[in-house]
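Heads up: the structure comes next, in structure tokens.
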Amino acid sequence: MKNNRYLLVYTALMIAVSIWGLSFVVTKIALKEFSVYGLILARFGSASVIFLVILTLKGFPKFTKTEHGSLVLIAIFQPGLYFFFETMGLQNTTASKAGLIVAMIPIVVLLLSAIFFREKITSRSVTGIGLSLIGVGFLIIGDANYIWPMGGNIIGDLYMFGAVLSAAIYMILVKKLSKKYSVLHITGMQIIYGTLIFIPFCLYKIETWQLTEISIIAIAAVFYLAVLATIVAFFCYNFALSQIEPSKASVFINMIPVLTAASAWILIGESLTIMQMGGGVLVLLAVWLVNQKPRLTVSLETTPIVKAS
């Protein structure tokens, strides 16, 4: 029974990161016909409407005012602040440095888990997270279009560190709240509150929206981002956070650039070098290492000795 639960958890994590990995390619497709703000509103607005219908049919949970505050905080950090910091960071630093900084999310989650959940920092976790960080580094510098040096400025780097901290805090808050409420209710309210946060900014930038004729391909891209990348992926990832330690779930995040590189190679013909493939293998090894079950050890001091009669 326990093995079945772990299989379900890791399947959910793979679904989430696979969807998010492909979402970067899909976003590129959607941005050919949508502005950034128009796409954000279309994506999260559609997801919120779907969640409102689901919660209306299932029944809205009776959160306390304090718990609503926690849900608002979750939405502020993810998707709110994470999207803001990531966007501002990419405008002020290079994609290479941004990718390496985001790969530090598992490190911050491990530290926060040790503080809030008394989770032990094991040598296996540290080694696995270190391997994943090196793997992401290989993915970045192995890009055929990569140019030294990394460049960028300290402001952009600080924005990216803000994105890392936002993602880590979101994981800790979801883990805490999931001990009492279902993942569906948490995810639904997270997306609804997140949409309410985005609406004023999107409406403020309405003059930059591209109101051209929208193709079927662009509509399909929005559907993917709203239903799969927002509803399904967040539900799967939040479910995993409710079942296992945040440090184990967070290392899966570093699989996203691996899956993004693979999907870009397959779908839009971008190059994939040997070094990038090696980086992908390192990340996969790191995920496997961090999520290995600890070996059972038998203490000789506590083992009863049976004497021969």
Residue check for Phe51: surrounded by 20 or more Cβ atoms within 10 Å (Cβ to Cβ), closer than 21 Å to Phe239 by Cβ and touching a Pro at 6+ places or on another chain (Cβ under 9 Å): no
Qualifying residues in segment 23-39 (those that are among the hydrophobic types (A, V, I, L, M, F, W, C) and in contact with a Leu (Cβ under 7 Å, 6 or more places away or on another chain)) - the one surrounded by the most Cβ atoms within 10 Å (Cβ to Cβ): Ala30
Subset of segment 71-89 [among the hydroxyl-bearing types (Ser, Thr, Tyr) and surrounded by 18 or more Cβ atoms within 10 Å (Cβ to Cβ)]: Tyr82
Which listed residue is in contact with a Lys or Arg (Cβ under 7 Å, 6 or more places away or on another chain) and surrounded by 15 or more Cβ atoms within 10 Å (Cβ to Cβ), from Ala262, Ala240, Ala168, Ala226: Ala226
Meets criteria (modelled with pLDDT of 95 or more, of a type in the set (Val, Ile, Thr) and crowded, with 18+ Cβ neighbours inside 10 Å) for Ile15: yes
Of the criteria (1) under 20 Å from the mean Cα position of the chain (by Cα); (2) crowded, with 21+ Cβ neighbours inside 10 Å; (3) at pLDDT below 90; (4) under 18 Å from Tyr159 (Cβ atoms), which one Thr93 fails: (1)
Segment 118-134 residues that are touching a residue at least 12 places away in the same chain (Cβ under 8 Å), paired with ones that are not in a helix (DSSP H, G or I) (beta carbon under 7 Å, 6 or more apart): Glu119/Glu245; Arg124/Gln292; Ser132/Ala103; Leu133/Ala103; Leu133/Met104
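The values are calculated or read from the model by the stated rules, or taken from the named source; none is laboratory data. All figures in this text were calculated on a predicted structure; none of them were measured in a lab. In this analysis, Cβ positions are derived from the backbone assuming ideal geometry, glycine residues included, and neighbour counts consider all displayed protein chains.
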